Structure formats: structure tokens, C-alpha cells
1. For q = 0.05, 0.08, 0.09 Å⁻¹, what log10 I(q)/I(0) does the protein assembly as shown give under the Debye formula with an equal point scatterer on each alpha carbon and no solvent?
2. Out of residues 5 or more away from D:L107 or on other chains, whose amide H comes under 5 Å of its own, with H placed 1.01 Å from N in the peptide plane?
3. Go ahead and set up a Gaussian network model of chain C, Cα springs under 10 Å, then flag whichever of C:A223, C:A280, C:A234 fluctuates most.
4. Among the residues of chain C, which one places its Cβ closest to the rotation axis that maps chain C onto chain D, and what is that distance in whole Å?
5. By the scheme Lys and Arg +1, Asp and Glu -1, what is the net charge of all other residues having a beta-carbon under 15 Å from that of A:K216?
6. Under 20 Å from a label point 7 Å along Cα→Cβ of D:W296: give me every residue in region D:257-277 with its amide N that close.
7. Cβ under 14 Å from C:A314's Cβ, C:A314 left aside: what net charge do those residues give with Lys, Arg +1 and Asp, Glu -1?
8. Which order results if A:T324, C:T43, A:T282 are arranged by neighbouring Cβ count within 10 Å, fewest first?
Protein chains: 4
Amino acid sequence: MLGPQVWSSVRQGLSRSLSRNVGGWASGEGKKVDIAGIYPPVTTPFTATAEENLHKLGTFSLPRCWSTVSLAGFVVQGSNGEFPFLTSSERLEVVSRVRQAMPKNRLLLAGSGCESTQATVEMTVSMAQVGADAAMVVTPCYYRGRMSSAALIHHYTKVADLSPIPVVLYSVPANTGLDLPVDAVVTLSQHPNIVGMKDSGGDVTRIGLIVHKTRKQDFQVLAGSAGFLMASYALGAVGGVCALANVLGAQVCQLERLCCTGQWEDAQKLQHRLIEPNAAVTQRFGIPGLKKIMDWFGYYGGPCRAPLQELSPAEEEALRMDFTSNGWL
Amino acid sequence: MLGPQVWSSVRQGLSRSLSRNVGGWASGEGKKVDIAGIYPPVTTPFTATAEENLHKLGTFSLPRCWSTVSLAGFVVQGSNGEFPFLTSSERLEVVSRVRQAMPKNRLLLAGSGCESTQATVEMTVSMAQVGADAAMVVTPCYYRGRMSSAALIHHYTKVADLSPIPVVLYSVPANTGLDLPVDAVVTLSQHPNIVGMKDSGGDVTRIGLIVHKTRKQDFQVLAGSAGFLMASYALGAVGGVCALANVLGAQVCQLERLCCTGQWEDAQKLQHRLIEPNAAVTQRFGIPGLKKIMDWFGYYGGPCRAPLQELSPAEEEALRMDFTSNGWL
Amino acid sequence: MLGPQVWSSVRQGLSRSLSRNVGGWASGEGKKVDIAGIYPPVTTPFTATAEENLHKLGTFSLPRCWSTVSLAGFVVQGSNGEFPFLTSSERLEVVSRVRQAMPKNRLLLAGSGCESTQATVEMTVSMAQVGADAAMVVTPCYYRGRMSSAALIHHYTKVADLSPIPVVLYSVPANTGLDLPVDAVVTLSQHPNIVGMKDSGGDVTRIGLIVHKTRKQDFQVLAGSAGFLMASYALGAVGGVCALANVLGAQVCQLERLCCTGQWEDAQKLQHRLIEPNAAVTQRFGIPGLKKIMDWFGYYGGPCRAPLQELSPAEEEALRMDFTSNGWL
Amino acid sequence: MLGPQVWSSVRQGLSRSLSRNVGGWASGEGKKVDIAGIYPPVTTPFTATAEENLHKLGTFSLPRCWSTVSLAGFVVQGSNGEFPFLTSSERLEVVSRVRQAMPKNRLLLAGSGCESTQATVEMTVSMAQVGADAAMVVTPCYYRGRMSSAALIHHYTKVADLSPIPVVLYSVPANTGLDLPVDAVVTLSQHPNIVGMKDSGGDVTRIGLIVHKTRKQDFQVLAGSAGFLMASYALGAVGGVCALANVLGAQVCQLERLCCTGQWEDAQKLQHRLIEPNAAVTQRFGIPGLKKIMDWFGYYGGPCRAPLQELSPAEEEALRMDFTSNGWL
């Protein structure tokens, strides 16, 4: 077991310095990127207008403090980025802006999933061009009744074949109504340009099974939420994409450190205090909750695009309670 | 109760001659369109290419026979139109082509739903410009956890306010994981530019309740599938959008006629024989099943865009059996 | 199509005079019972005690008015009878008491389902001995993950083989989390001692398919709730077991008459007004709601056994509104 | 963090020597029992008969080896004990027999849940009389639509008030379709005679939240399955009731030891190898799978009561593979 200090430098060495120079699998280099660590899924800032469904893309400035905590990087255009509400050009612009605003030695994982295979390929290529280090590709879902393992394997294989950057699978059943089946993940883990998976379903038995069955591949699993981050580390995940890290970034990184250095008792205490705040900014109040708490913490949350609605006063009160009762506000 | 002959001319008079001259609610005329009757949701023809996720939009020619059966019109860009796989310009092109190919005195209902309110408004306006008579707007669903009645009422009100053509609500939980709540439907039925709803959920108790609670509005409900078409007529629906009508158009229209003229015993016998074929081209085998059976019936089905996959030989066999065992092949 | 007057006598002739003299399939007569018509699922009366989980079986007197409306009979120990809360001897005593209280020329369908096949057989035999005309057997459900079609076919076949009275299948997914699969129903419909099915799931497409695929058997389908009674008749069901008939018995029988005589427009109007009251006494407020409304209508509803709780004042208010807004209170 | 040797004696001291001398909360002693550790949920042995739904209770002899591994005790009449298939007297007889067969210094947790509060109270009292150390009470579920937090709190409070032995809450949504809500658990944790909970749902975020919110009570959480045992320990659970421990008892206890002594890397490797075998004897193949593997491992599994069916040859093959591919057969 590594001690805390050792671990820290190891992690820096492993996942930071590999950095952005990925080059791309297609170009023959065959390098894989190390995606271990904590990523906030960045929200998209909109400037409020009188007509709320016309909100324009706002100024994009990642809060300074983020550079001081040991984040592995940023996820842009994940579910928390309101990507389904953006045009294709807005999606690329957001990636481009975050690339410029963020430290050079951190990873930018860009959500490039679309419903069709072709559109996903095109979006992935474009995102690579504007600076994404890896593409995080959500499962297509509108025709979920026909999204068999075979169909999903076909989809991801095409995307990975044609992507100049590594691909990260992304399963988020709360949004898609679809779990990427374990057998499909195992098959896809053998593709040289598929480096890992973000699993937001919260079933850590499943996460453990995926780690177990892909152990001969160089395949990395990220927990999709801070609520089951510690349990995911226990089962073999290497990091997490955590909405909560947008406001409690230092704390989520602290939880990572405690898990990676084997300080499980302290990890448990910290994990416990993060469950309710995490639920508040994900399944309970969604992006409107996350943006509201960002406002309260001194970041820019701002409005959501319609049809997402602002929280009601009662919801705001409950949101506040989920943070205060755990000592975070 | 109307006799069959009388009914026929009545229906022609009511829903056909109103036809396309809707003018638009926004323009101040305040006319409502009568959407009663049967609509096939048109599939989108693609030309097969070696690279199946690059399939181009194919030649669009509505089969001749469709003009001889008493269809009320066509739904373009419904779930069966693979709309999530098309670009915005392709979506408009498909509407434009069907408009040109179809009889002038039939209605074109165009699916214009997008995830954001703003994009839905823009798509709706554009579809009106290329010839849609009414817009059929699916519920946004990616953030279904936040799609409360309030959010959905807000969304549809904005769209209806700004749409130059009447709006038809569209609830299809098999695809969206979301039922448009009855209370939201009742509220929205009072909007002067919302004329009705397509409900594909299959819960006819719900359909009956919606008809009952909107009876003081001029609000029309269409069944979203041929499997529960007769039951929907019994409860007060005025028509249906039926994938099965792409191949058994005459039979679905015959079922409509039997229901509208009170010939319930014959209607029941016909309805029974349509349940399995209908399930085959919807929940069981989806669009790949529908396109395959279109090929078999002499229409152009053709390939689907990826990630939708072709049927396996075993699935094809089961599809065939669902039609032959009911006497349709 | 039959006229109203004709129908009335026909129905009396068909389903009433067959009456109780069923004799039993096992005894070699091979007669089948006609189960067409409307049945209230009788609630179990308890006398309130200070200790609410000790409520004793109360006096059992079927309201007089029930003899004046054309009910086909009574269901005893259905889901509304709180059967899971009764001991085996209480279950038999309830059947015995209702048998004595009810008119001789109506059918008594007794719920005899238990989790094990053996217990179900024993309960079915006992219920026949205390006067049940047919046994209504709910699907076992605690091990629903293993309740395949094969397991369920095996279960019902054993029960039907050994039952001295005809068996009615009973599928109620709201309570059991399990739909009796259509293929199992079709297989079981061929058993000479299985006469029909009560389907409470509310999917009338499924009901239509079952009627269609068992049309060569003498197999009868009953709707399990008044909310989809008319639609079920349209699809070929022959009656219903309707909680609502405990208070609006005349109205539910009127709906039956309108459907059976082809008066679909009037049927629709009546059906519409029954949907909300029906939902109130079933999925919305359950047995506590049903018993409360029975109290209000002058019958004896009384308390439920724990853990079922009384309605809150707000729930009572909503219950009342569901009846008043439709003109029933 | 405790070393392995220390831990071993500590655990023995903590949970073993408290042993059976619980005395009962009602008797005024107010002692609580320590339920930490691993429990196999004992299957009920039946002797095969020609008529499989008549299987009699078989000879009950706990395999010798169980006394050599450090099990905390045994769960009798859990879901794996086929309790819904037993008569009340059989349920008591099984508890009595296991009590006699098992070591005196281990705990016997008896499943005493019934649908009604009254029956549950009576069964709990009777089980205490035949030697149960604590009662494990499953949520009532047939009327799940009315099983609000208030109803469940009422139910468990009554049972705990009247039980002479400590009560363990039991939530198993795969069987009941119902999750005992977190707020109800938190309220119930304050009852002096409710000592803990078995949670079989597999949502470890929920388990963590329960541990967190009951930290001021003396309340213990057991994982309901070996698949998420390690993750549950990480979140603060103190043990598990694991079907898999019926055949891999030593391995599950080894996993417990690794977790309790902070050897997380080894724990992870072992946990990984237990996920598939565990799934095989629970959600995948259920009790028939568990009994079959018990036969293969040299214990007595024997037949299940109907309607549970034996595994098909293909299922047996898959079951075997789940064990062999992980090195257990």
C-alpha cells in the first residue's frame, strides 16, 4: 500500500504528465491516455435574457481555485453541460473555450455522443480538432428498445475506429433509460482506442464486475457520481466524474486521496458527508440545483436553458439544507 | 349512429376539405385544424452505401396506393422517421419532399420536437415554411427527472405561442421514458394553438380521462399505435398515427370506418388480427422491422442508419410469422 | 347486434341460470361455468378495536341493494378483500359467510391463491367445500424472478387438475409485480378446468390479444377494474371485477348493458365519469379509500387491518373530489 | 486500523460472546445484540417425493464445516428459506431444528415477517420461543402502493414494541418491489428494540446514507448479498447475509476479515471473484441455483417446493461456468 506522499507524486506522474500529447490512436502511435482522477463535469454558462429560452453562451472562465486542487481535468459537454440544448457549433465552441481557460497539464474529456453513429463520429473528430484529449461517448438511447449489445458494440467500434483521440464509454441510465451491458463493455474494452468507461448507474457490483472482467485490458473505470465514489474505488475504479466537484472540488479530491492511500476510515467519514449534497445536485434537483449551489459558492452558475426551470423556493431551501446539515454551508 | 356511407362523406367533408389552409393561429385567424383520421408515420428512405452509417437520404416517393385509401394525411419525422439521426436540414428536406409527393388535400403533420425549447420553436417555424400543416412536438426527455408538469407546460406554451401552425402534443414513453402528465395536457388543451395530442403509451384509461377532462376544449386525441386503435375510438379518440398503416393502410382505415360507424363486432375481429403485426413493427422489431415488412409488401423500406441494425434471420422469421399467422402474408 | 331488451334476457339466461350448479370438472361432468358479467370484489369487514392490528372479522351483510342490480356475482378474497392479512380459517369463514348472505343464483368467485402450489391446491379445495363456484387464483409472486411461463403453467395446471371447481387465472401486476405472460395464458386456456382470466393490468391490447389467441377455446376474460371496462368489452372481454361496483354497482352494470347492447356513445359518456372515481378506490387510495367511500355511501366499510393506514384528511378530501367532480356525490 | 490477529479476537469478543443471552428488550434489560458478521441464509431441506408440490420438510443438519469458519450465525427463513411456501408451524419447526443443530455461541436470526402487523407480531413472539436470537422482519409488500413511510414505521414499531427479541429490518426489493425508505429507517433506528437492518437492494450509496444518518444510534447494517459486501463494509456496514456463504462460507468470511483489517487490495481481488458466483445463486438462478450448487459442493440442497422449478440443463451449465471461470469449481 502506498503512503499518502508517495501516492501524490505517483498520481501526478502517471496521469498529469502524460497530459495532452495523445496524438491519437489512428495515427499509429497507439498510446493510451491515463484517465485516473477526479473531473468536474463543467456546466455551460448562459447569460440571462428576458426570453429565457434564448439564453446565449456566457463568458467561460473556470474558477481560479480549480487550478489549486489536484483535479485530473475537466469533462465538458457531459450531461451536466446541457449538451442536448446546444447546437453543434456551440458544443465545439464550449470545448474550445474550456481548453483555453484550463491549465495545459490537465485532461479535457469532451462529451461527443449523438444519436446516430455518423453524427457521433463527426462530432468526435471535430472535438479532437478543438482540443479535446479524449471523447466521452454517451449511449444512443432514443431507440433503446433496439439498442442491443450488438448494436452498441457496432456503434462504439465505428466511433473508436475513426476517432483521432481515445474514447471513453459513458453509461448514464438516469438520462438514457439504458445500461450499457457488461458483455458489451467487455468486448469493447479490447478495442485499442477505447480506454475506459464512465458509469453513472451507481451499481457498484456492476462496476466491480467490469473491472474484474477487463483486468487483462488496459481499461479504466470512472464513477459517474460522488455518491458512490469511495465504493467504486474499493471495487477498482480509478477516479470519478463528479458534479459535486464543481463546488466541493477540494473535498472530492481529498476523498480520492484517502481512498488511493488506503485511509478507509477517514474516507468513509468524508464520503458519508458528501452523499446528500451530491444527491441534491444530481438526481434530486439536477442542473438547476447544481447551478444554484455554484452561485451560492461564488462561482457562476446562472440560468439554465428552457425547458429546464429554476428551483422553487421550497426546493432551494431543501438544497441548502442538504449542504448545511453536512457542514458544507 | 351514422351509417357507413354517410360517415364516409362526413369524414371527407370534415377533415379533408379543411385541408391545408390553416393560416396559423399566430396570424390572427384563430382557425383550428381537424386532425381526425388515420396517418402513417412515414419512414425515411436511405440509399444503402458500403458504409452503413453514411446512408444518404434516398428518393422519396410515397407509394401510389396511399392516395386511394382514405388516409387523413401523413406524419413526417415521427419516431418512425429516424428523426434523431437526421441533421436539421435533412429534417426540413424530408418534410419538403413529402409535401410535394403527397396529395394536396391531405394533412402533413411534422415532428418538430427538439430537446431545447428554443430549438423546438425554430424547427417548428421552419417546418411550417416548408409546408407542414401542423407540428407534432415530442416531449423533451434527456432531463426527464426535471420534466415536471410545470416545465412541460412552459415548454409547450412557448412553442405554441410562437408557432405559425397548430401544435399537436406527442407523448411516447417507450422512446422518451416520460408520460406527458394528464394535468399538463388538460392545462395545455386550453391554448388556442394546441389542437390535440398523439398518445403512444397504450393506456386507454388515460386516453379516456384526457378526452373527458378536455371535453370543453376543441381538443383531439390520436392513438399512437394500431394495437389500441379500436379501444381508443371507444374512449373518444378521433384517429391514429399507426406505423402499421405503412403496409396495411387499407386495413387500418377499414378499422377506422368500422369504429366510426358503430360496427363494433366487425371492428373487434379486424382489430384482433392487427395486434400482432402491429407489435412486430413497433415494440418488438422497431423501425428495422417496419422497413423490412415494407420491402416485403413492395414499398421501399431500405436500410436504417446506424446504430439501428438489420434484423437477424430469426427475427425476420418471427416478423413474417406475425403477419402470416394473422392472414396478411 | 342485439337490442337492449333482448340482451337483458339473454344475459340473464346465459350467465345467471347456469348459476351455481357447476358440479366440478373433476367429477367428470365437464361443464364449464359462464363467468360473464360484473362482480364487486367484496371487502372484508372488521370491527374496530383499540388495537388496530387486532381487528376482528366483523358482521358480514351484503347490502340489500346489490340484489336489485344485475350483478353476476361476487368476488371474495380478491386483492380488495385483504386476503394476505387473514388466516386460512378466516379466509374460509369469509367465503362461507358471503355464500350465505348472497342470492343463490349468483356466482361466488373465491380468491384461493397462495405462494406455494400445494397451499393453493388445498385452499382451492377448501373454498369449494364452503361454497365457492369458481376459484380465482392470483399468480405467486415472491420469487417473481423465477416465475417463468413454464413455472406458472406448471402451477396453474396442478391447481386446475386438482380443483373440484373451475379455475380463473388472475393477473394483477400492481400487487404482484408480475404479468401472467400471454403465451402462458394461451397454453392454460386449453385446460378443461380453466375457464377464464381476470386481468387487472389495464393493457387492453394485451386483453385483445388474449381473446384473439384463445378464441378457439371456451375462455372468458374479465377486466380487473372499471377504468378500462368499456375498452375491454370493445376488445372482447365479457365482464369485469370492479372495486367501484361496491359503491356504484348500478352504474357499472349500466355500463355493462350499454356495451353489450352496442350503445357505445352513451357507454363512452358513462365510462368517462367512472375513470377518476375508479382510480381513487384502486391505485390512488387503495382499500382504505374504497372502505371510506363505502362508509360515505351508507355501506359498512370500516377499518383496515394494519399495516394499511386510514386516509389522511387531505386524501379524504381528494377522494371526495374525485366523486363529486364526476357527479356521484 | 486493527491488524488481522487483533481484529480476529476483537470480533470474537464483540459479536460471539454476547451470544444468545439477549434476554429481550421487553424484559427491561435493554441490552442490544451485536449482529456484526457473516450469516448464510439457510435453505430449507425438502425430501423429494413423486408429487413435487408435496415435498416434506427434510432432515435438517447444518454441514459440519460451518462450525469451523467464523460465521456470526445463521439466518433462518430469509428469502432463501422458501418461507412463503411453509405453513406457520413449519416455519417454527425449521427455526427450532436449526437452533438445535447449530453451535450455541452463534446467533440465529429468524425471518418472521408476514403481510399483516398482527401476524408478524405473533410469528415473532413464537420464533423467540423456539430459540431465535433476533427477528428479521421483511417489509409487507402486497399493498405496496399504500406502504408509505408512515405505514411502515407504524408496522415496525408495533412489532418491535411487542417482540421479546431484537428486531432487524429487512428490505429486499427484488422480492417485494419495495425499498424501505431511508427516512423510515432513520426514524425506526431510534426504537430501543430495533438493532439494525439487512439491505438487499445493492445500492451502497443508500447504505452509506443510512449508516451516516443513524450514526448516533446503535444501529447496524448488514449487506444482503455477497456481491456488494466489500463496498458495504467500505461504507460502514458491519456484516452480510450472503446466500453464497452456504457454499463458499470460508471465502465470504475471508472477505469479511480482509475488509475489517483494512487489507483492501486483497479484499478487492477476492470480491471480484465472488460477484459472478453470487449473482448465479441470487438474481440469476435463485434458490434452485443455490440448492443445485449446494448439491455439487457436497451439502444437501435438494428440490424446491413448487412453483419453483429445477434448473434446465442450459441453466445448470451456465451456473457451473460462473463458478469454474472464477476458480471455485
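1. -0.38, -1.04, -1.33
2. So D:L107 has HN proximity to D:G73, D:F74.
3. Residue with maximal mean-square fluctuation among C:A223, C:A280, C:A234: C:A234.
4. With distances in whole Å, chain C gives C:G177, 2.
5. +4
6. D:270-277
7. Around C:A314, the surrounding residues sum to -2.
8. Sorted ascending by nearby Cβ count, the order is A:T324, C:T43, A:T282.
Throughout, read-outs are computed from the coordinates displayed, never taken from laboratory work. Bear in mind the structure is a predicted one, so any value in this text is a computation, not a measurement. Positions of Cβ are generated from backbone atoms using ideal geometry, with glycine treated the same way; all protein chains shown enter the neighbour counts.
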